[in-house]
Ligand SMILES: Nc1nc2c(c(=O)[nH]1)N(C=O)[C@@H](CNc1ccc(C(=O)N[C@@H](CCC(=O)O)C(=O)O)cc1)CN2
Ligand SMILES: Nc1nc2c(ncn2[C@@H]2O[C@H](COP(=O)(O)OP(=O)(O)OP(=O)(O)O)[C@@H](O)[C@H]2O)c(=O)[nH]1
Ligand SMILES: [Mg+2]
């Protein structure tokens, strides 16, 4: 256990709520609590070595002014979230009240915690590793049940266990090589080299599985960038509203209504989408609309998925043709809208040119066939952007980079082994790979990086 000062923060969201929590962690947690909590029996919480819940009055340590009544959770270290002595003051939820309780804790000797500092301490005190700590952010930010499940597995150490297991195999392999260096008989060397190539290939496979899950992680964190595009007035904003079940975007019968891109997050069958409504694309002299149209084109370039919207009740125009051409490089679904008005024969003819599997007929206004569109979106994302075997981890960009480096080291060791290089060279490459994997789970990680990672947390976490 490291020697830290005692920190305090509000752990719950600020706002009206039934309960608000102020959390205190560190060696003075019990002492501070004794100064600001008066129990009916006059008992001092910090005298017990067992976790317990007490009822008491929360008072200001200097003025003695009563602030609220509350429940006090006493969790002596190391059996606590931070592995230090932790106290949680559960009081009535309310911005003013919870703030006053925090102030009382600060006046009694605590320091205001930095964002993520509680979780950082859990890491520094060795209760969790870095990948678990990082996953806490993912868990809090998870936008779908699926993302939440993966993040929880990560919080509970699933990713860490796999990295540790790969590391263990690597150090084993390195030991084998090192031992052979000391006994340089030729056939023994050959055996070691073969071992490096065989085990190396297996480990590269396992590292690859973790690397590939980075794509899954990114999509679950950021959502699939999904652009709704089409010429003016086809019903793009109506479609956004229909998928969101709200009147988020302005809808009128005037072409050129949407002038700016509008982003919203939505969960479609467990897949988070960053849905982007765009200005209808057409030639225009209007300065503001022109900027909007340029942004629409940029949105198409940035998109991972495009919903190309057409007005099915009208014959297609050159503008439709141009938009279809400009989305050729993006994975796309053709959305034929306004089918409540009937399908124009020219549109029907035109549609036959495309793969019917990629076309969905809907009415955004009348909410017709939206489920079919959502099914299509989910299916397209699952089969093209996410793969099944990725679904056990959600590696982040930092971890992915280190895994890439570890893989490069491992491949270098294998190449050296197959080329008959000296065993020292092989051992050095294996050692380097072992270290890179150590950084993934936060062994030998510098203070700067830790600050960077934990500063992304919310206050009180
Ligand atoms: N009131 C409250 N609820 C909360 C949290 C919290 O800090 N406070 N958590 C905060 O995010 C999450 C729960 N996470 C936790 C993880 C570990 C320990 C803990 O005390 N671990 C010890 C003892 C385990 C045991 O009893 O065996 C340990 O791992 O040694 C506590 C909370 C969600 N709910
Ligand atoms: N009948 C019918 N009308 C629709 C449907 N979807 C949209 N509309 C109407 O079409 C008009 C244009 O809808 P918007 O959603 O604003 O179209 P948009 O593509 O966002 O237009 P811009 O922002 O100008 O590019 C509005 O009057 C909508 O009510 C539909 O499914 N059926
Ligand atoms: Mg619009």
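The values are calculated or read from the model by the stated rules, or taken from the named source; none is laboratory data. Everything numeric here is computed off the predicted structure, so don't read it as measured data. Positions of Cβ are generated from backbone atoms using ideal geometry, with glycine treated the same way; all protein chains shown enter the neighbour counts.
The figures follow:
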| read-out | value |
| --- | --- |
| Condition check for residue 242: more than 16 Å from ligand 1 (Cβ to nearest atom), surrounded by fewer than 23 Cβ atoms within 10 Å (Cβ to Cβ), under 24 Å from residue 366 (Cα atoms) and at pLDDT 95 or above | yes |
| Failed criterion for residue 219 (all others in (1) assigned to a loop (DSSP other than H, G, I, E, B); (2) under 31 Å from the mean Cα position of the chain (by Cα) hold) | (1) |
| Check on residue 320, surrounded by fewer than 17 Cβ atoms within 10 Å (Cβ to Cβ) and either in contact with a helix residue (DSSP H, G or I) (Cβ under 8 Å, 6 or more places away or on another chain) or assigned by TED's automatic domain parsing to the domain that holds residue 228 (or both) | no |
| Residue 192 vs. criteria under 30 Å from residue 264 (Cα atoms), away from ligand 1 (no atom under 16 Å from the Cβ) and surrounded by fewer than 23 Cβ atoms within 10 Å (Cβ to Cβ) | no |
| Cβ pairs under 6 Å, 6+ apart, first in the range 11-36 and free of Cβ contacts under 8 Å to residues at least 40 places away in the same chain, second away from ligand 3 (no atom under 16 Å from the Cβ) and in a loop (DSSP other than H, G, I, E, B) | 34/44 |
| Residue, surrounded by the fewest Cβ atoms within 10 Å (Cβ to Cβ), within the range 114-148, restricted to residues that are modelled with pLDDT under 90 and assigned to a helix (DSSP H, G or I) | 145 |
